[in-house]
Each structure stands twice: as structure tokens, then as C-alpha cells.
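Participant: Okay, here's the structure, questions in a sec.
Readers should treat all values here as calculations from the given coordinates under stated rules, not as data from a laboratory. Just so you know, these numbers come straight off a predicted model, no measurement behind them. Note: ideal-geometry Cβ built from the backbone for every residue, glycine included; neighbour counts use all protein chains shown.
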Amino acid sequence: MDVSHISGNASDEVKKAFSSPASFLTRPEASGQIFGASIVKKMVVTEISVDKKAEEPRKLECRFVLELTVGSDMVNGAGNIHGGCSAFLIDICSTLALAAYNMADLGHALPSVSQSLSIVYHSPATVGDRLRIVNTTMTVGSRAHSARTEIWNLTHHRLVSSGVHIKMQPSQPKANL
């Protein structure tokens, strides 16, 4: 698999694992039918980098950048990107950044579930606008993980929305006795 279109210093192994977000996010038994599948299929990974954090040199951070064009399946009745779609993009894309971080650091992605998602909506994007979604991991601890996301409108050079996503490793299910 050619990953030459993905910039950044992440290993080719990490780039290959995340070069197709739809493949990474879809369980084989789901046959590609996940929530937002039509949107995920449009995502193009453009950069994956893993560097030492400037503020905490003993720790790493991952920068994971994707691009896509706003389609009619992403907008509200007013023709602007739906707030729920922005939330979905922040959720999915920050998850990819955290998974790539874990793969680069540990050699494998870790399962995680959302704990909190905080979003600010800045400006609209309409059908045909090109978006760049920039995700940066913030903290990756033994249980909690966080990343920030900015969705930029490349067509109009403005910030569409931003968010912070906190995830955690899922608890083991308890046996029913």
C-alpha cells in the first residue's frame, strides 16, 4: 500500500494502518455499515506525525491531519455543516489521532470509549467547501486519553469548529450471577 501521499514522520507501518480511516474504523462483521460511513469514506489522511511534546519532552504527541469536502449528507436545513456532523468528525478524527499515538508508542491501538466531548462552533461551511481536520493528542495516561481537534475551512480560510475529546479505556464487563 502506497503511503507516499501522507506526510509526517510516523513510520510507514503506522501510516499504512491509518491510510484508510474507513477500513480502520469498520469491524469486519459490520460489513462497512457504521454510523457516518459515507462521511468516513470521503476522508483523506494527509499527515501523521509523532514528536516529543514541547512542554513535556519525556512525552510524545501525535498530529493527525485529514481532509474532506463537505457533501450534501453533512449539512443541515440551512445548507451549513450540521453541528452533529462536526461533533462526529471531532469524535472520529481525534480517536484516530489517539489510536495512531498508541500504535506508534506501544505497537498497537488500544480500545477506548468517549467520556467527554466539548465543542465550540465558530463559522459555517457549505456543500463543496474543503475541510482540513487537525488533531493533536494532549494527554495519554494509563486510563484517560485526550485530544484536541480543529476543523478548518480551506475554501474560506476560517475555523469551523474546535473541540476537546476525552476518552478512556473501557471497563471490563461484570459477569451476571
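Participant: Give me the residue from the stretch 53-110 that is of a type in the set (Ser, Thr, Tyr) and under 17 Å from Gln169 (Cα atoms) and, out of that set, surrounded by the fewest Cβ atoms within 10 Å (Cβ to Cβ).
Facilitator: Applying the filter and picking the extreme gives Thr95.
Participant: Mind listing whichever residues of the stretch 113-138 are over 23 Å from Gly79 (Cα atoms) and loosely packed, with under 15 Cβ neighbours inside 10 Å?
Facilitator: Within the stretch 113-138, Val113, Ser114, Gln115, Ser116, Ser118 meet the criteria.
Participant: Between a residue in the stretch 121-146 that is farther than 22 Å from Val44 by Cβ and any residue that is aromatic (Phe, Trp, Tyr), which pairs come within a Cβ distance under 7 Å, given they are 6 or more apart or on different chains?
Facilitator: Every condition considered, the pairs that remain are Val140/Tyr101.
Participant: Looking at the stretch 114-124, can you tell me whether even one residue there is aromatic (Phe, Trp, Tyr) and either touching an Asp or Glu at 6+ places or on another chain (Cβ under 7 Å) or closer than 15 Å to Gln169 by Cβ (or both)?
Facilitator: Checking the stretch 114-124: not a single residue is aromatic (Phe, Trp, Tyr) and either touching an Asp or Glu at 6+ places or on another chain (Cβ under 7 Å) or closer than 15 Å to Gln169 by Cβ (or both).
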